[in-house]
């Protein structure tokens, strides 16, 4: 009995860190090295290249390029926010470097640019940060996390955002085409890549380099840790037929709420609550696209654009509306859950975007609180006990779909302690 008790204590001690780590992940304040919102009052987070709407937060090391982070705080009281940056390895885990190794200027900086909304029912403060700046800037390339927190309490994180700093030493060529495998030709896209590393010192291309390919910013579906199929002098060739294929998916759905004075294409009706004066937007019932033929429709690949027709500054004059989604089905999906997905869910599978099933009307439904603008979205099915979403049943699979692909190339030379981001390319089919 005593030996058994001692053995149990030993096992609990062995797994205690793992158990604590897993339980901490569900703590709202647990720091995630991904795009995440920790405070329900923080809305409409946009992180992009300054002056280039709908762009990715990617800059070249040492360049004059800037990133702009903006977000709304729906809290009634003004709160001061600060931020810091964390350098990560190629797998988005914190690197072993100290802050002085990767951050110049100060360790933290204050977000001083903010304005209050006007002519809106929903009152909010709109914050804007331009980065890098003289107070804080990256010293090396790689993956980074920006952490924004309450200035009065650094443990009160409100949001985290990924961004990339590139050296662009390696040259990347990409060919995107219909999948080679016969059974995937009508549904998948293949991404073949060649990387020229003539300006790099790579001892072993199979262990010192990593290629990552991301489709439409969906990190959960990224293909990573690809090894070159051929190494020809200084050229790495990633020309496969199977491991480098993506679901073609379909063009994103969209709705336009830049105005509430008239109905745009996918709006069924507007209604205003007489007490709160908040407007509810009911979208037309969506179609389940899994069995439909492919049809071309312009989209912005899951992103959104904040803008209002009746005003000059959408950032400050855009109001918040309750947007109702509905997807009729013959019967509910089994062994999994259905979610809304896009930039408006922070490219995450989040609880508030989970669709609920209405047994009386045989349809899934949900309601999100969104700022006026033009939005793209899709429905993702997430099987139980899986982190990888599926889109075939809800959106369909087509090799013709127009998709964006982002390619990252990481290297770690002998004797260095971090993963350099030495190649980057964004392209589309």
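Distance between the C-alpha centres of the stretch 147-166 and the stretch 266-341: 29 Å, rounded to the whole angstrom. Label zone (residue 175, point 7 Å along Cα-to-C-beta; backbone nitrogen cut-off 14 Å) within the stretch 189-204: 190-195. Our estimate of slack between residue 264 and residue 130, defined as 0.36 nm per intervening residue step minus the Cα-Cα distance, is 44.9 nm. Potential lengthening of the chain between residue 55 and residue 241 amounts to 64.0 nm, from the contour at 0.36 nm per residue minus the alpha-carbon distance.
The calculated FRET efficiency for the pair residue 295 and residue 186, based on their C-beta separation and a Förster distance of 25 Å, comes to about 0.95. Here is the size of the stretch 31-166 from its Cα atoms: Rg then Dmax, 14.7, 48 Å.
One equal scatterer on each Cα of the stretch 97-249, no solvent, Debye formula: the resulting log10 I(q)/I(0) at q = 0.10, 0.17 Å⁻¹ is -0.59, -1.06. Among 378, 360, 269, the residue with the largest mean-square fluctuation in a Gaussian network model of the chain, with springs joining Cα atoms closer than 10 Å, is 360.
If the chain linking residue 285 and residue 98 were pulled fully straight, counting 0.36 nm for each residue of separation and taking away their Cα-Cα distance, it would gain 62.1 nm. Dividing the mean sequence gap of close Cα pairs (under 8 Å, 6+ apart) by how many residues the stretch 31-166 holds gives a relative contact order of 33 percent.
Taking label positions 7 Å along the Cα-Cβ direction at both residue 41 and residue 275, the computed distance is 2.1 nm, reported to one decimal.
Using the empirical formula 2.2 N^0.38 Å as the baseline, the Cα radius of gyration of the stretch 174-278 reaches a ratio of 1.73. Against the empirical 2.2 N^0.38 Å (N residues), the stretch 235-311 has a Cα radius of gyration ratio of 1.67.
Note on residue 116/residue 360: beta-carbon distance plugged into 1/(1 + (r/R0)^6) with R0 of 45 Å gives a FRET efficiency of 0.60. Backbone N atoms of the stretch 411-429 closer than 15 Å to the 7 Å Cα→Cβ label point of residue 204 belong to residues 412-416. Once both labels are modelled 7 Å past Cα along the beta-carbon direction, what's the residue 368-residue 392 spacing in nm? So the two model labels end up 2.5 nm from each other.
Computed over the Cα atoms, what is the radius of gyration of the chain divided by 2.2 N^0.38 Å, N being its residue count?
Ratio of Rg to 2.2 N^0.38 Å for the chain: 1.06.
Taking all Cα pairs closer than 8 Å and separated by 6 or more residues, the relative contact order of the chain comes to 16 percent. Calculated mean residue ellipticity, 222 nm, the chain: -2500 deg cm²/dmol, from DSSP H runs (n ≥ 4) at -39500 (n - 2.57) each, averaged per residue and rounded to 500.
The radius of gyration of the Cα set in the stretch 253-395, together with its Dmax, comes out at 15.6, 47 angstrom.
No lab work stands behind these numbers, since they all come straight from the coordinates. Values in this document were obtained by computation on a predicted structure and should not be read as measured data. Positions of Cβ are backbone-derived with ideal geometry, glycine not excepted, and every protein chain shown enters the neighbour counts.
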